[in-house]
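A short worksheet on the structure shown next.
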Amino acid sequence: MTNETVWETLERTGAILRNDHFVYTKGGHGSEYVNKDALFKYPLELSTMCKSIADAFTDKFGITEADVVLGPAVGGALIAQWVAYHLQITTTRTEVLAIYADKEVVIFPGPKTEARFVLNRGYDVVVPGRRVLVVEDILNTGGSVKQVVELARKHGGYVIGVGAICNRGNVRIVDIGEPPTLYSVVAVKMQVHDSSKCPLCAAGIPINTKIGKGADFVAQRGQPKVPV
């Protein structure tokens with residue numbers, strides 16, 4: 001896919017949202033958002049995006065021997081299926097498996113909790129000794145992908161690279177456990193404001209509570225007050 005085609009697809013499917021007030025994963029605010037859930041409604045378009053990931057690793061990086069494609073639930077699981085499919089039909093591999101990592105909440109004494117990824121459903125026996133391509137839908141901070149990269153290595157897998165549809169946070173290899181390669185179909189640069197210095201909040205623009213982390217923010221602090 002050309003860069004122009006990628007952007008056209010994201011715009012047409014409603015995956016790029018503008019002129020609103022969003023709260024991002026790490027608490028920053030901004031007027032734009034990449035809504036991966038909108039893209040997931042269109043299987044043909046999603047398949048085409050995932051083919052770009054598969055093609056990049058076979059053509060650009062010369063990686064033709066992926067055994068397993070692994071993604072973090074939920075979005076990464078969908079990406080893993082399509083990328084594995086395209087790798088299998090375009091390479092000499094007779095079998096490329098697609099699996100995903102579940103998110104598990106660990107409860108500590110007191111109020112502290114921690115979310116981590118685990119390999120359930122028998123997927124833990126699939127990884128040892130195999131070449132693993134880790135995939136994700138959107139790279140915001142790279143935190144989820146880093147956990148999955150480390151998880152694959154913990155289970156004896158050899159991580160050959162990371163692929164994503166969109167790199168929204170300028171995520172680098174060093175941010176995700178230093179896999180050999182990192183590829184994203186498109187990179188998106190969006191201005192992020194600190195919540196304490198957000199011009200959208202200062203202008204009293206309501207926070208979108210249906211997309212992103214806006215609902216959590218509003219539950220704790222309320223909607224911005226309209227300036228008098």
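The values are calculated or read from the model by the stated rules, or taken from the named source; none is laboratory data. Owing to the predicted nature of the structure, the values given are computational and were not obtained by experimental measurement. Counting neighbours? That spans all protein chains shown, and the Cβs are built from the backbone with ideal geometry, glycine included.
Miscellaneous remarks
- Residue within region 198-220 that is hydrophobic (A, V, I, L, M, F, W, C), assigned to a helix (DSSP H, G or I) and within 30 Å of Val135 (Cβ to Cβ) present: yes
- Test: residue in region 78-88 that is surrounded by fewer than 17 Cβ atoms within 10 Å (Cβ to Cβ) and modelled with pLDDT under 95: no
- For region 43-74, a residue qualifies if it is assigned to a helix (DSSP H, G or I), of a type outside the set (A, V, I, L, M), in contact with a helix residue (DSSP H, G or I) (Cβ under 6 Å, 6 or more places away or on another chain) and in contact (Cβ under 8 Å) with a residue 60 or more places away in the chain, and exactly one does: Cys50.
- Per the listing Val192, Val226, Val188, Val149, the residue uniquely at pLDDT 95 or above and either out of contact with any helix residue (DSSP H, G or I) (no Cβ under 7 Å at 6 or more places or on another chain) or of a type in the set (A, V, I, L, M, F, W, C) (or both) is Val149.
- Sole exception among (1) more than 17 Å from Asn167 (Cα to Cα); (2) assigned by TED's automatic domain parsing to the domain that holds Thr141 for Arg12, by number: (2)
Yes/no matrix, rows are residues, columns are (1) under 26 Å from Asn35 (Cβ atoms); (2) in contact with a Gly (Cβ under 9 Å, 6 or more places away or on another chain); (3) at pLDDT below 90; (4) buried (at least 17 other Cβ atoms within 10 Å of the Cβ):
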{"site": "Leu119", "(1), (2), (3), (4)": "no, no, no, yes"}
{"site": "Val126", "(1), (2), (3), (4)": "no, yes, no, yes"}
{"site": "Leu133", "(1), (2), (3), (4)": "yes, yes, no, yes"}
{"site": "Val171", "(1), (2), (3), (4)": "yes, yes, no, yes"}
{"site": "Leu182", "(1), (2), (3), (4)": "yes, yes, no, yes"}
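- Consider region 8-42 and keep the residues that are of a type in the set (Ser, Thr, Tyr), part of a loop (DSSP other than H, G, I, E, B) and over 16 Å from the mean Cα position of the chain (by Cα). The one that is farthest from Lys210 (Cα to Cα) is Tyr42.
- Looking only at region 168-209, residues that are out of contact with any His (no Cβ under 9 Å at 6 or more places or on another chain) and under 30 Å from Cys50 (Cα atoms) come to 25 in all.
- Residues of region 212-228 classified as touching a residue at least 40 places away in the same chain (Cβ under 8 Å) and either surrounded by fewer than 17 Cβ atoms within 10 Å (Cβ to Cβ) or not assigned by TED's automatic domain parsing to the domain that holds Glu8 (or both), total: 1
- Residue list for region 59-75, filter: closer than 15 Å to Gln147 by Cβ and at pLDDT 95 or above: Leu70, Gly71, Pro72
- Each residue in region 152-173 was checked for being in contact (Cβ under 8 Å) with a residue 60 or more places away in the chain and not charged (D, E, K, R), and 8 pass.
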